[in-house]
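Asker: Structure below; questions to follow.
The values are calculated or read from the model by the stated rules, or taken from the named source; none is laboratory data. None of the values given here were measured: they were computed from a predicted structure. When we count neighbours, we look across all protein chains shown, and the Cβ atoms used for this are built from the backbone with ideal geometry, even at glycine. Heavy atoms of the whole protein, side chains included, go into the accessibility calculation; ligands, DNA and RNA do not. Shrake-Rupley method; radii C 1.70, N 1.55, O 1.52, S 1.80 Å.
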Amino acid sequence: MSTEVALPSPTGLQAFADRAREYADQSRVANTRRAYASDVRAFAHWCEARGEASLPASLAAILAYLIDHATTLKVVTLQRRLAAIREQHAAAGFALDSSSAAFRDTWRGIKRAHGQPAVKKRPLMTVDLRRAVAILPDTLAGKRDRALILVGFAAALRRSELAELEVARKDGAAWIEERPDGLVVHLARSKTDQQAEGVEIGVPYGSNIETCPVRSYRAWIQAACLKEGPVLRPIDRHGRLGTDAVTDRAVARIVQRSVEAAALAAGHSLEEASRLAAGYAGHPLRSGLATSAAANDAPGHAIQRQLRHKRFDTTSGYIRSGQLFKQNPAGMAGL
């Protein structure tokens, strides 16, 4: 009796290869996938305009591409585009060996000549957060914005994580659980949890009623009569509540709008208030919690746990920023 195993046909193997690419795509967050796809398209268009092959591409073409964009793109963008090109070649089965001295030295020269230190976004510190929350009206939208800011701050959430929160447990989704001691934010997947193992984040009661994330969340849920579905939803100018979730960009606008209103109430001009609010891009609630906690001597390992950082050196940047004036030798030198 024959013991030979039937091998898949070429068509069957192609189907497996297509599935493999789909799984490989899922190994990265959606924003990274979109950025890589855009980077690969930009390189392909550049090559096409010059009669060069983009896949497989020669090292000379890749190096010429980097040099051609060295003065128009940031080094961090070039670095991402190079990573996207590498990955595209690897996925297609082409080896891309850039270990030659000529390639390494030129790339190092580009980074040295055009590299700039990363511009850190402004964290929303506790004192600024208090002002932003205090100015919010006691309306449905005001209750939503207060819950958004305070829960996002206390749980050190990214904008996208806030936007995805559900009121009740839902398979594969992030949701909030109410407990006697506070709230538990369940994240099904995050930037540092790509295997979707899930993580729980505790949000305790605040010592001040006005800035308590737990009370603010419950006040919003009660006012909006929410039992299931997205926690944070759009509200139109007539005060009508939507059914869909807000976007991560809407989260950023809500934070910036609150900061701007607080600045105007404090006597700043509209131009000054707008400029101040524009500085709170990125994840100001997340970085604000980390920096504020560090300034108040919270243990580094506790900050790392709340931010879900895999490496402590990532957390240490926030700690250094929050403790610039703590135990500073310049302040102990008798000046």
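Asker: Which number in (1) within 26 Å of H186 (Cβ to Cβ); (2) over 16 Å from the mean Cα position of the chain (by Cα); (3) touching a residue at least 24 places away in the same chain (Cβ under 8 Å) marks the one condition that D297 misses?
Answerer: Here D297 clears every test but (1).
Asker: Find all pairs meeting these conditions: Cβ atoms under 6 angstrom apart; at least six residues apart or on different chains; first residue within segment 115-133 and within 14 Å of V76 (Cα to Cα); second residue at pLDDT 75 or above.
Answerer: Every condition considered, the pairs that remain are G115/V75.
Asker: If only one of R249, R305, R286 is of a type in the set (D, E, K, R), open to solvent by less than 20 Å² (accessible area, probe 1.4 Å) and at pLDDT 90 or above, which one is it?
Answerer: On the way: R249 fails: open to solvent by less than 20 Å² (accessible area, probe 1.4 Å); R305 fails: open to solvent by less than 20 Å² (accessible area, probe 1.4 Å).
The unique qualifying residue is R286.
Asker: Which of the residues belonging to segment 91-101 are in contact with a Leu (Cβ under 9 Å, 6 or more places away or on another chain) and open to solvent by 70 Å² or more (accessible area, probe 1.4 Å)? Show your work before the answer.
Answerer: Applying the first criterion (in contact with a Leu (Cβ under 9 Å, 6 or more places away or on another chain)) to segment 91-101 yields 92, 94, 96-98, 100.
Result: F94, D97.
Asker: While we're looking at this one, here's another question. Being modelled with pLDDT of 95 or more, in contact with a helix residue (DSSP H, G or I) (Cβ under 7 Å, 6 or more places away or on another chain) and aliphatic (A, V, I, L, M) is the requirement here; does A219 meet it?
Answerer: On the way: modelled with pLDDT of 95 or more: yes; in contact with a helix residue (DSSP H, G or I) (Cβ under 7 Å, 6 or more places away or on another chain): yes; aliphatic (A, V, I, L, M): yes.
Against the criterion (modelled with pLDDT of 95 or more, in contact with a helix residue (DSSP H, G or I) (Cβ under 7 Å, 6 or more places away or on another chain) and aliphatic (A, V, I, L, M)), A219 qualifies.
Asker: Please verify whether A262 is farther than 26 Å from E166 by Cβ, in contact (Cβ under 8 Å) with a residue 60 or more places away in the chain and either in a helix (DSSP H, G or I) or of a type in the set (A, V, I, L, M) (or both), treating the condition exactly as stated.
Answerer: Values: farther than 26 Å from E166 by Cβ: yes; in contact (Cβ under 8 Å) with a residue 60 or more places away in the chain: yes; either in a helix (DSSP H, G or I) or of a type in the set (A, V, I, L, M) (or both): yes.
Spelling it out, A262 is indeed farther than 26 Å from E166 by Cβ, in contact (Cβ under 8 Å) with a residue 60 or more places away in the chain and either in a helix (DSSP H, G or I) or of a type in the set (A, V, I, L, M) (or both).
Asker: Quick test of your reading of the structure: I85 fulfils all but one of (1) at pLDDT 90 or above; (2) open to solvent by less than 90 Å² (accessible area, probe 1.4 Å); (3) under 30 Å from A290 (Cβ atoms). Name the failing condition by number.
Answerer: (3) is the only condition that I85 fails.
Asker: If you take the residues in segment 300-316 that are in contact (Cβ under 8 Å) with a residue 60 or more places away in the chain and assigned to a helix (DSSP H, G or I), which one is farthest from the chain's Cα centre (by Cα)? If you could, list the steps in order and put the result at the bottom.
Answerer: So in segment 300-316, the residues in contact (Cβ under 8 Å) with a residue 60 or more places away in the chain come out as 306-310.
Next cut, assigned to a helix (DSSP H, G or I) only: 306-307.
Values: Q306: 15, L307: 12 Å.
Among residues in segment 300-316 that are in contact (Cβ under 8 Å) with a residue 60 or more places away in the chain and assigned to a helix (DSSP H, G or I), the one farthest from the chain's Cα centre (by Cα) is Q306.
Asker: I've got another one for you. In segment 312-322, which residues are open to solvent by 70 Å² or more (accessible area, probe 1.4 Å) and either in contact with a Gly (Cβ under 9 Å, 6 or more places away or on another chain) or modelled with pLDDT of 85 or more (or both)?
Answerer: F312, the sole residue that qualifies.
Asker: On to the next question. Sort out which residues of segment 218-259 are among the hydrophobic types (A, V, I, L, M, F, W, C), outside any helix (DSSP H, G or I) and touching a residue at least 24 places away in the same chain (Cβ under 8 Å), and write them in order of number.
Answerer: First, pick out the residues of segment 218-259 that are among the hydrophobic types (A, V, I, L, M, F, W, C): 219-221, 223-226, 231-232, 235, 241, 245-246, 250-252, 254-255, 259.
From what's left, outside any helix (DSSP H, G or I): 225-226, 231-232, 235, 241, 245-246.
Residues satisfying the conditions are L226, V231, L232, I235, L241, A245, V246.
Asker: Quick one: in segment 39-79, of everything that is part of a loop (DSSP other than H, G, I, E, B), within 19 Å of D97 (Cα to Cα) and hydroxyl-bearing (S, T, Y), which residue is most open to solvent (accessible area, probe 1.4 Å)?
Answerer: Taking segment 39-79 first, the residues part of a loop (DSSP other than H, G, I, E, B) are 50-58, 69-74.
Okay, now just the ones that are also within 19 Å of D97 (Cα to Cα), so 52-58.
Narrowing the set further to residues that are hydroxyl-bearing (S, T, Y) leaves 54, 58.
Values: S54: 30, S58: 54 Å².
Only one residue tops the list, namely S58.
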